[in-house]
Amino acid sequence: MIAVAASAVIVGSGLAQASPAPHRSASVSTRVLPAGAKVTKMRVSGVNRQVAEAHGFKVVTGPDGIQHAVPTPAAVNPDGTPYRPKVHPDNVVEGDCGDSYLWIHAVGGYVSEIETGFDLDDAAIAFYWRVNRSDPYGSDSNSWGGGLGLDTSWTGEWDVHGGGPGWETAGVVTPVSDALLWDGDICASGGPSDTEDIV
């Protein structure tokens, strides 16, 4: 059931299916964040109704105006077993759904490596992620996206060749950078950014 819902959602929601260019790499793995990485909380920003309903969830609007996926008695886990809700302290449902990060590493020779990614509190089926960067010589962007196969983390890397010495700044673009969780919730990046001197 997940595979059918995931493929329908990728087409229907506009989530990118693009692969990184050959000089860029992306992998799905558990990792230790680089020292100095800028980290921000990710928050539920809405719901993909098609995915939520395919897994037995209904869409409700909270007092903050944000939609959330709420389980019904028919809700199932990704493996098809009956859904059992997570227990939160004091029965409070927290808005945070993970962490996103970005880090610029000066390599030398006017080259930098930008690493970005996220760690989610729940499994995701798809994502789209975009980073904008600029330096004294210009600006550009890079994006990643596609299926996640129920993974909870993702890392992307972008090697940048600058025009000369100086500063470089980069940030995850919001609200377009997000992950689609298996229950239909959309977990949006908090927009981490970083600045580094490039030599």
Positive minus negative residues near Thr116 (Lys, Arg vs Asp, Glu; Cβ under 10 Å)
-1
Given 135-145, 118-128, the highest-first ranking by average Cβ count within 10 Å works out to 118-128, 135-145
Could you order the peptides 43-55, 183-195 from most to least packed, using the average number of other C-beta atoms within 10 Å per residue?
183-195, 43-55
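Each value in this text was obtained by applying a stated rule to the coordinates, not by laboratory testing. Given the structure is predicted, the values throughout are model-derived calculations rather than measurements. Glycine also receives a Cβ, built like all others from the backbone with ideal geometry; neighbour counts cover every protein chain displayed.
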